[in-house]
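Asker: Here you go, one structure.
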Amino acid sequence: MYFRTNLYILLPTMKKLLLAFANIFSQFAHAQKQTQLDLEKVDQKTGNPIGWKLSFYPGQEKSYKIQLDSTVKQQGKLSISMEKIANDSNYGAIDFPINEAFEGKEITLKGFVKIENVNSGYAGLWMRFDDAQGKARAFENMNKNGLKGTKSWQPISITLPYDGNFATSLHFGGILVGDGKVWFDNLKVFIDGNPIEKARVKIFPKAVTDTSFASSSGIKVIDLSEQQIKNLTIAGEFWAFLKYYHQSVAAGEYNWDAELFRLLPQVIKSKDNKMLSSALEIFLDRLPKPKVCIDCAKLSLAKQEIKPNYGFLLDGKVLGTSLTKKLNYVKDNRNTKTNYYVSLLRIGNPDFTVEKPYWNMSYPDAGYRILSLYRYWAMINYFYPYRDVIGEDWNKVLSSSLPDFINAKNDLDYSLATLKIISRVKDTHANIWGYNKAMDDYKGKYAAPFQARFIENKLVILALHTDTLDVRKVLVLGDVISKIDGILVKDLVKKYLPIAAASNYDTQLRVLSTDFLLRSNQSKLKLTIQRGSKIFDYDVPMGSIWLAYKDELRDKSVAYKVFDNNIALVYPGKYKNSMLPEIKEDFKKAKGMIIDMRCYPSDFMPYKFGAYLKEQLTPFAKFTIGSLSFPGSFRFSNPVENGGSQSELNREIDHFKGNVVVIVNSTTQSQAEFTTMAFQSSPKVRVTGSTTAGADGDVSQIILPGGIYTMISGIGVYYPNGTPTQRVGVKIDYPIYPTIKGVAAGKDELMEKAIEILKKGF
């Protein structure tokens with residue numbers, strides 16, 4: 001609307017006005033053609049209703065017979081029926097996709113459903129809204145209130161909240177789970193109570209509509225040289241800078257992925273710095289000159305904890321004077337409004353949801369592999385709150401990563417290149433998450449049937465999960481694994497450490513033991529075991545991949561209890577805030593409390609449970625937040641507080657009177673670390689254990705070409721005095737690590753230390 005209003009003011013000719021009215025009219029007319037869930041219009045070639053998809057995969061086609069029915073109908077001439085006829089799928093569904101978005105806040109699907117002998121499952125309507133990444137933003141399929149049995153035509157409806165800013169495609173239809181037969185008819189969609197045909201279509205910017213390079217970048221091979229690495233490094237800095245700084249790019253007026261593929265051929269052809277500078281300047285001159293920014297100078301002078309790093313772009317050492325001047329102009333007159341490619345969520349962490357995933361490219365071409373590197377590098381450079389503690393110059397990371405991405409020969413090479421740069425961020429939140437076939441095959445589809453961790457720099461068995469093939473008769477707690485398939489464990493650590501994504505060495509060792517060392521694609525893994533002076537080999541039978549993540553401590557723990565007469569214990573991994581009233585009653589006579597934070601909390605404890613531990617309302621943390629108006633800079637927010645002596649009913653809270661010890665180790669991560677910070681702000685709380693995961697702050701999701709899914713810590717978390725937590729972990733009052741001797745004896749030495757601290761007193 002802003003664009004059209006200015007058209008009227010600046011271009012008041014009749015021709016321009018008519019074009020503007022035509023654009024407005026097209027928003028309504030377009031909806032008329034695309035959004036009718038009509039069963040009466042039939043494709044004469046297929047015999048199917050136009051616009052409808054009658055199955056999602058071959059198994060559904062075999063299992064459910066779906067066809068138009070002219071005999072049984074609720075209105076008109078036709079309905080559509082679905083009947084279970086085989087067992088290759090346990091559900092059938094019809095789908096009417098609409099690849100548009102609309103203005104509105106709520107969508108309702110109404111229709112009539114008739115069922116016959118639906119006994120083992122249910123029948124009903126369903127709908128789903130997907131974002132630009134193909135991720136479902138909202139979903140409903142009546143699994144809790146579907147129709148069962150035999151019923152004549154029933155009017156039913158389902159409703160979901162809707163946001164056209166994120167939902168770029170919509171799906172509507174009917175579903176049958178289990179046996180029986182169902183008919184659907186007279187299906188209609190309403191937005192905010194009005195028929196969808198009358199809804200206003202949301203007009204997307206060119207960032208969405210430009211699909212010029214949707215299937216290929218056109219760049220297959222790049223021969224790297226010293227000059228080429230310099231060209232591509234500076235081109236990456238240039239592309240990233242304009243993505244977040246240039247007003248027109250930030251407004252979504254360009255598909256910036258596609259623009260990269262328009263730029264790269266000239267960058268690759270450049271023989272020297274002069275040619276490179278010329279290619280970049282020609283590209284920049286194609287963009288509109290930014291409007292003068294009145295507030296930019298003032299924003300730049302404001303206090304920032306981290307300031308932007310522009311690499312080689314503005315130092316005048318590589319690029320020509322003319323281009324450098326123009327880039328400085330962009331910096332000084334940058335975008336200060338919303339940015340299409342990134343937004344800040346309520347807490348302040350960046351949201352990169354609009355980035356295209358290119359799911360169909362498990363092994364992207366060379367251009368898309370460069371895009372993957374540039375996209376990730378740009379996100380870190382401009383919106384990662386811990387860029388200053390990565391431990392190396394992020395600009396050098398860009399140049400040194402180029403060979404890995406460009407020379408990747410297959411999907412595994414590409415995934416490993418991605419994991420390698422993710423690991424260089426030094427953030428335990430940052431890894432390749434979710435399903436990635438290449439990486440899963442690389443790590444191994446089987447896991448050892450025991451839990452092992454590094455203790456005293458040796459890989460030690462902590463728990464045995466199974467007695468399959470007499471594993472328990474061969475292995476015991478405290479056994480040291482010195483070799484795996486004949487290779488020294490210390491050599492395997494060196495091999496995998498560069499892709500063990502974690503914030504610190506303790507946590508990298510945790511990642512290695514679960515993700516790499518004790519997984520295999522073979523049914524048996526040859527281990528060399530050392531038990532005191534005894535050394536022997538054992539071919540351990542491998543089991544389900546989930547054994548790698550089985551946590552013996554969690555399995556044995558209860559949410560809370562009182563033991564040793566007067567010591568209370570809380571295990572946040574199973575605790576719920578709803579338990580607090582019972583806990584207060586049970587803990588009344590306890591003289592001390594242990595909170596075993598070697599887990600991820602099942603509920604958010606800093607405030608409700610924190611008020612139980614701390615009588616005074618005091619600060620326990622503060623955050624650094626990024627900036628859309630000055631990308632690359634970060635500032636401190638006001639501290640957050642917990643504790644307090646008054647409840648919502650204005651009566652005194654029944655605070656815990658005794659001392660409290662919190663146990664931590666490398667498993668203590670993210671919310672567990674934040675919760676520990678909240679608790680230890682009480683003068684009655686101490687922390688014992690070993691280095692925590694050093695990954696604090698709400699996460700931000702990142703998607704890279706090929707559907708590679710990762711995350712980062714999206715906000716910086718610090719103690720109120722500015723002491724960092726990222727990489728270093730929480731403050732520990734009584735450091736202690738377990739020992740091999742203690743493990744062999746079946747002791748929990750950290751728990752014993754916590755009990756000792758409580759008995760001795762602070």
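The values are calculated or read from the model by the stated rules, or taken from the named source; none is laboratory data. What you are looking at is a predicted structure, and each value in this text was computed from that prediction instead of being measured. Every residue, glycine as well, gets a Cβ built from its backbone with ideal geometry; the counts of neighbours run over all protein chains shown. Remember, those area values only see protein heavy atoms, side chains included, never the ligands or the DNA or RNA. Shrake-Rupley method; radii C 1.70, N 1.55, O 1.52, S 1.80 Å.
Asker: So, of the residues in the range 508-531 that are under 21 Å from Tyr442 (Cα atoms) and of a type in the set (Ser, Thr, Tyr), which turns out to be most open to solvent (accessible area, probe 1.4 Å)?
Answerer: Ranking the candidates gives Ser523 first.
Asker: Within the range 530-546, identify whether any single residue is touching a strand residue (DSSP E or B) at 6+ places or on another chain (Cβ under 9 Å), without any contact (Cβ under 8 Å) to a residue 12 or more places away in the chain and among the hydrophobic types (A, V, I, L, M, F, W, C), and answer yes or no.
Answerer: Yes, the range 530-546 contains a residue that is touching a strand residue (DSSP E or B) at 6+ places or on another chain (Cβ under 9 Å), without any contact (Cβ under 8 Å) to a residue 12 or more places away in the chain and among the hydrophobic types (A, V, I, L, M, F, W, C).
Asker: Right, something else. Can you name the residue in the range 333-379 that is open to solvent by 30 Å² or more (accessible area, probe 1.4 Å), among the polar types (S, T, N, Q) and out of contact with any helix residue (DSSP H, G or I) (no Cβ under 9 Å at 6 or more places or on another chain) and, of all such residues, is nearest to Ser400 (Cα to Cα)?
Answerer: Filtering the range 333-379 for residues that are open to solvent by 30 Å² or more (accessible area, probe 1.4 Å), among the polar types (S, T, N, Q) and out of contact with any helix residue (DSSP H, G or I) (no Cβ under 9 Å at 6 or more places or on another chain), the one nearest to Ser400 (Cα to Cα) comes out as Asn360.
Asker: Still on this structure, please answer the following. For the range 81-101, give me each residue that is closer than 25 Å to Ile196 by Cβ and either open to solvent by 30 Å² or more (accessible area, probe 1.4 Å) or in contact with an Asp or Glu (Cβ under 7 Å, 6 or more places away or on another chain) (or both).
Answerer: As a first pass, look at the range 81-101 and keep what is closer than 25 Å to Ile196 by Cβ: 81-82, 92-101.
Across the range 81-101, the qualifying residues are Ser81, Pro97, Asn99.
Asker: Separate question: Check Leu319 against each of (1) at pLDDT 95 or above; (2) surrounded by fewer than 18 Cβ atoms within 10 Å (Cβ to Cβ); (3) assigned to a loop (DSSP other than H, G, I, E, B) and name the one condition it does not meet.
Answerer: With (1) at pLDDT 95 or above; (2) surrounded by fewer than 18 Cβ atoms within 10 Å (Cβ to Cβ); (3) assigned to a loop (DSSP other than H, G, I, E, B) applied to Leu319, the lone miss is (2).
Asker: If you don't mind, there's one more thing I want to ask. Being at pLDDT 95 or above and over 27 Å from Leu750 (Cβ atoms) is the filter here; which residues of the range 446-473 pass it?
Answerer: If the condition is that a residue be at pLDDT 95 or above and over 27 Å from Leu750 (Cβ atoms), then Tyr446 is the only one that fits.
Asker: So Gly391 fits all but one of (1) free of Cβ contacts under 8 Å to residues at least 12 places away in the same chain; (2) out of contact with any helix residue (DSSP H, G or I) (no Cβ under 7 Å at 6 or more places or on another chain); what number is the exception?
Answerer: If we test Gly391 against (1) free of Cβ contacts under 8 Å to residues at least 12 places away in the same chain; (2) out of contact with any helix residue (DSSP H, G or I) (no Cβ under 7 Å at 6 or more places or on another chain), just (1) comes out false.
Asker: Counting only residues that are polar (S, T, N, Q) and in contact with a strand residue (DSSP E or B) (Cβ under 8 Å, 6 or more places away or on another chain), which one in the range 446-495 is surrounded by the fewest Cβ atoms within 10 Å (Cβ to Cβ)? Before the answer, list the steps.
Answerer: From the range 446-495, those polar (S, T, N, Q) are 451, 457, 466, 468, 482; that's our starting set.
Next, from what is left, pick out any that are in contact with a strand residue (DSSP E or B) (Cβ under 8 Å, 6 or more places away or on another chain): 451, 466, 468, 482.
Values: Gln451: 22, Thr466: 15, Thr468: 12, Ser482: 15.
Of everything passing the filter in the range 446-495, Thr468 is surrounded by the fewest Cβ atoms within 10 Å (Cβ to Cβ).
Asker: Could I ask something else about it? Any idea which of Gln32, Gln36 is surrounded by 19 or more Cβ atoms within 10 Å (Cβ to Cβ) and at pLDDT below 95?
Answerer: None of the others qualify; the one that does is Gln36.
Asker: From Leu176, Leu170, Leu125, grab the single residue that is under 33 Å from the mean Cα position of the chain (by Cα), over 22 Å from Asn87 (Cα atoms) and either open to solvent by 50 Å² or more (accessible area, probe 1.4 Å) or not polar (S, T, N, Q) (or both).
Answerer: None of the others qualify; the one that does is Leu170.
Asker: Right, another one. What residue, of Pro357, Pro364, is modelled with pLDDT of 95 or more and not in a helix (DSSP H, G or I)?
Answerer: Pro364
Asker: For the range 436-488, give me the residue count where each residue is in a loop (DSSP other than H, G, I, E, B) and not hydrophobic (A, V, I, L, M, F, W, C).
Answerer: Residues in the range 436-488 being in a loop (DSSP other than H, G, I, E, B) and not hydrophobic (A, V, I, L, M, F, W, C): 13 in total.
Asker: Restricting attention to the range 269-280, and to residues there that are surrounded by fewer than 19 Cβ atoms within 10 Å (Cβ to Cβ) and either touching a residue at least 12 places away in the same chain (Cβ under 8 Å) or among the small types (Gly, Ala, Ser) (or both), which single residue is farthest from Val318 (Cα to Cα)? Spell out how you get there, then give the answer.
Answerer: Our first condition is that a residue be surrounded by fewer than 19 Cβ atoms within 10 Å (Cβ to Cβ); within the range 269-280, this holds for 269, 271-275, 278.
From what's left, either touching a residue at least 12 places away in the same chain (Cβ under 8 Å) or among the small types (Gly, Ala, Ser) (or both): 271-274, 278.
Values: Lys271: 13, Asp272: 10, Asn273: 6, Lys274: 8, Ser278: 11 Å.
Within the range 269-280, the match that is farthest from Val318 (Cα to Cα) is Lys271.
Asker: Could we say that Ile115 is part of a strand (DSSP E or B) and closer than 24 Å to Glu197 by Cβ here?
Answerer: In short, no.
Asker: So which of Ser700, Ser690, Ser682, Ser670 ends up being within 26 Å of Tyr737 (Cβ to Cβ) and either within 25 Å of the chain's Cα centre (by Cα) or modelled with pLDDT under 95 (or both)?
Answerer: Ser670
Asker: Could you give every pair whose Cβ atoms fall below 6 Å, whose first residue belongs to the range 151-164 and is within 26 Å of Gln75 (Cα to Cα) and among the aromatic types (Phe, Trp, Tyr), and whose second residue is open to solvent by less than 30 Å² (accessible area, probe 1.4 Å) and not in a strand (DSSP E or B), counting only separations of at least 6 or pairs across chains?
Answerer: As it stands, the answer is none, since no pair meets every condition given.
Asker: Is it fair to say Ser482 is more than 27 Å from Gly689 (Cβ to Cβ) and not acidic (Asp, Glu)? Walk me through how you get there before you give the answer.
Answerer: Working: more than 27 Å from Gly689 (Cβ to Cβ): no; not acidic (Asp, Glu): yes.
Against the criterion (more than 27 Å from Gly689 (Cβ to Cβ) and not acidic (Asp, Glu)), Ser482 does not qualify.
Asker: Would you mind stating whether Phe172 is farther than 13 Å from Thr108 by Cα, modelled with pLDDT of 95 or more and of a type in the set (Phe, Trp, Tyr)? Give the derivation first.
Answerer: Numbers: farther than 13 Å from Thr108 by Cα: no; modelled with pLDDT of 95 or more: yes; of a type in the set (Phe, Trp, Tyr): yes.
Against the criterion (farther than 13 Å from Thr108 by Cα, modelled with pLDDT of 95 or more and of a type in the set (Phe, Trp, Tyr)), Phe172 does not qualify.
Asker: Which condition does Gly134 not pass, out of (1) assigned to a strand (DSSP E or B); (2) in contact (Cβ under 8 Å) with a residue 40 or more places away in the chain; (3) open to solvent by less than 70 Å² (accessible area, probe 1.4 Å), if it passes all the others?
Answerer: That leaves (1) as the condition not met.
Asker: Then there is this: Kindly provide the set of residues from the range 622-638 that are hydroxyl-bearing (Ser, Thr, Tyr), open to solvent by 20 Å² or more (accessible area, probe 1.4 Å) and in contact with an Asp or Glu (Cβ under 8 Å, 6 or more places away or on another chain), ordered by number.
Answerer: Ser629
Asker: Within the range 107-116, identify whether any single residue is open to solvent by 60 Å² or more (accessible area, probe 1.4 Å), at pLDDT 95 or above and over 30 Å from Met361 (Cα atoms), and answer yes or no.
Answerer: Taking every residue of the range 107-116 in turn, at least one turns out to be open to solvent by 60 Å² or more (accessible area, probe 1.4 Å), at pLDDT 95 or above and over 30 Å from Met361 (Cα atoms).
Asker: Could you go through the range 215-223 and let me know if any residue there is open to solvent by less than 10 Å² (accessible area, probe 1.4 Å), closer than 29 Å to Lys331 by Cβ and part of a helix (DSSP H, G or I).
Answerer: Scanning the range 215-223, I find no residue that is open to solvent by less than 10 Å² (accessible area, probe 1.4 Å), closer than 29 Å to Lys331 by Cβ and part of a helix (DSSP H, G or I), so the answer is no.
Asker: Is there a residue being touching a residue at least 60 places away in the same chain (Cβ under 8 Å), out of contact with any Phe, Trp or Tyr (no Cβ under 8 Å at 6 or more places or on another chain) and either open to solvent by 50 Å² or more (accessible area, probe 1.4 Å) or among the aliphatic types (A, V, I, L, M) (or both) anywhere in the range 325-332?
Answerer: So far as the range 325-332 goes, no, none of its residues is touching a residue at least 60 places away in the same chain (Cβ under 8 Å), out of contact with any Phe, Trp or Tyr (no Cβ under 8 Å at 6 or more places or on another chain) and either open to solvent by 50 Å² or more (accessible area, probe 1.4 Å) or among the aliphatic types (A, V, I, L, M) (or both).
Asker: A follow-up question, please. Considering only residues of the range 585-603 that are out of contact with any helix residue (DSSP H, G or I) (no Cβ under 7 Å at 6 or more places or on another chain) and over 19 Å from Asp551 (Cα atoms), which is most open to solvent (accessible area, probe 1.4 Å)?
Answerer: The qualifying residue most open to solvent (accessible area, probe 1.4 Å) is Lys589.
Asker: Can you name every residue in the range 139-167 that is polar (S, T, N, Q), within 21 Å of Lys202 (Cα to Cα) and open to solvent by less than 70 Å² (accessible area, probe 1.4 Å)?
Answerer: Of the range 139-167, the ones polar (S, T, N, Q) are 141, 143, 145, 150, 152, 154, 157, 159, 165.
Right, trim to within 21 Å of Lys202 (Cα to Cα) and you get 159, 165.
Answer for the range 139-167, where residues must be polar (S, T, N, Q), within 21 Å of Lys202 (Cα to Cα) and open to solvent by less than 70 Å² (accessible area, probe 1.4 Å): just Thr159.
Asker: So Phe609 clears everything in (1) out of contact with any Gly (no Cβ under 7 Å at 6 or more places or on another chain); (2) under 22 Å from Gly689 (Cα atoms); (3) not in a helix (DSSP H, G or I) except one condition, right? Which one?
Answerer: Phe609 satisfies every listed condition except (3).
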